[in-house]
Amino acid sequence: MIEGYLHPLYAQSFSNIGTPIFLPKSKGWLIKRRIPGTDHFDAMGPYPLFFCENWENLLDDFSALINDLVSISVVVEPLSAPAPPQLKLAFDFVKDYKTHYLLDLSKPIESAVSKNTRRNARRALRDLEVITDIAPNIALDEWDQLYKCLIEHHHINDLRKFSRQAFEKQIAIPKTHFFKVLYQDSIVNGLLFYLQNGVAYSHLSASTPKGYKLSASYAAKWTAINSLSEKVKFINFGGGQSSNKTELSGLDLFKEGWSNQTGQSYFCGIVLNVDKYAKITAMKGKSNSTWFPAYREGEFS
């Protein structure tokens, strides 16, 4: 069974951005996008992570797209992707991106999760109830309304601003788990996980203002860990925000409390048509940019 981010429904959930492209040899997905102000296209991996089944065949798939795409950019995560030397066989560059916070479930949960985190979770669970819904039994209205709270709270206006139509596809993917937190019968927090090849990926989480006050995210994660520990070997809580490992952000510290190891994700890119890339970059005045692709610098600012 095709699961999680590898499922075609996930690629299709980005139809508002571009056209899904299936890579037949490596068995992954890209999103083909028109480059603004031109008749040309490039491709990105689905947000937040790109996966494929046969990494050794990526370059063959990319080579078949030379006449269709100017460039390709993806982010790969530490548990599924090969090491940088193998990635560099398919990409022009492979750069450190984000630290991912991982929980190895072969270790006892009580010792893996920090003492303060466990205390906060148990305190939150005194007043909260957590219910687990599994696809296809996830209510679209419940999750969509909850996520709108996140969009408003963080003023999200980029790739994370998923539409109701996108979520309709995402929550239909087999084995998707929705841990929803209730306070007095009202939803105040929710957490979506994808299960894929022995790993549970924390896909998205959202909270109402009341949920923040009640530390409902602790209740959701603690329940999720105990539930998923019987189904997977690892949990990937996703990347942090800090580039400086000695000065962790609040998000990094929160995720660190749930994890017992870390891994490195990588941002990878390849230029398929050098001439077109150079011309488009020059046309947009981005020739000195360190962004990739340079012609898209500032697109979401």
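The values are calculated or read from the model by the stated rules, or taken from the named source; none is laboratory data. Since the model is a prediction, treat every value here as computed from it, not as a measurement. Here the Cβ is made from the backbone with ideal geometry for all residues, glycine too, and neighbour counts use every protein chain on show.
Laid out as a table, the results:
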read-out	value
Ile280 vs. criteria in contact with a Ser or Thr (Cβ under 7 Å, 6 or more places away or on another chain), in a helix (DSSP H, G or I), aliphatic (A, V, I, L, M) and more than 17 Å from Ile109 (Cβ to Cβ)	yes
Single match in Ser202, Ser259, Ser215 (criterion: within 25 Å of Leu159 (Cα to Cα) and not basic (Lys, Arg))	Ser202
Among the residues listed as Leu228, Leu253, the single one being hydrophobic (A, V, I, L, M, F, W, C) and free of Cβ contacts under 8 Å to residues at least 12 places away in the same chain	Leu253
Qualifying positions in segment 149-193 - of a type in the set (Phe, Trp, Tyr) and over 19 Å from Trp222 (Cβ atoms)	Phe162, Phe167
Total residues in segment 32-57, condition buried (at least 22 other Cβ atoms within 10 Å of the Cβ), under 21 Å from Val274 (Cα atoms) and either aromatic (Phe, Trp, Tyr) or under 19 Å from the mean Cα position of the chain (by Cα) (or both)	3
Conditions (1) at pLDDT 95 or above; (2) over 27 Å from Pro78 (Cα atoms): number failed by His153	(1)
Whichever residue in segment 1-31 is assigned to a loop (DSSP other than H, G, I, E, B) and within 13 Å of Gln170 (Cα to Cα) and, among such residues, is farthest from the chain's Cα centre (by Cα)	Ser15
Count of residues meeting criterion [surrounded by 22 or more Cβ atoms within 10 Å (Cβ to Cβ) and not in a loop (DSSP other than H, G, I, E, B)] in segment 169-191	10
Which listed residue, of Tyr212, Tyr147, Tyr201, is of a type in the set (Ser, Thr, Tyr) and assigned to a strand (DSSP E or B)	Tyr201
Residues located in segment 3-16, provided they are free of Cβ contacts under 8 Å to residues at least 60 places away in the same chain and among the hydrophobic types (A, V, I, L, M, F, W, C)	Ala11
Among the candidates Ala200, Ala166, residue that is touching a Ser or Thr at 6+ places or on another chain (Cβ under 6 Å) and over 20 Å from Ser215 (Cβ atoms)	Ala166
Selection within segment 71-98 - among the acidic types (Asp, Glu) and surrounded by 21 or more Cβ atoms within 10 Å (Cβ to Cβ)	Glu77
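For (1) assigned to a helix (DSSP H, G or I); (2) in contact with a Pro (Cβ under 7 Å, 6 or more places away or on another chain); (3) not polar (S, T, N, Q), each residue gets a yes or a no:
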{"position": "Ser205", "(1), (2), (3)": "no, no, no"}
{"position": "Ala219", "(1), (2), (3)": "yes, no, yes"}
{"position": "Trp222", "(1), (2), (3)": "yes, no, yes"}
{"position": "Asn226", "(1), (2), (3)": "yes, no, no"}
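Rundown of residues vs (1) hydroxyl-bearing (Ser, Thr, Tyr); (2) closer than 24 Å to Thr19 by Cβ; (3) touching a residue at least 60 places away in the same chain (Cβ under 8 Å), yes/no style:
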{"site": "His40", "(1), (2), (3)": "no, yes, yes"}
{"site": "Ala64", "(1), (2), (3)": "no, yes, no"}
{"site": "Ala83", "(1), (2), (3)": "no, no, no"}
{"site": "Asp92", "(1), (2), (3)": "no, yes, yes"}
{"site": "Lys107", "(1), (2), (3)": "no, no, yes"}
{"site": "Arg122", "(1), (2), (3)": "no, no, yes"}
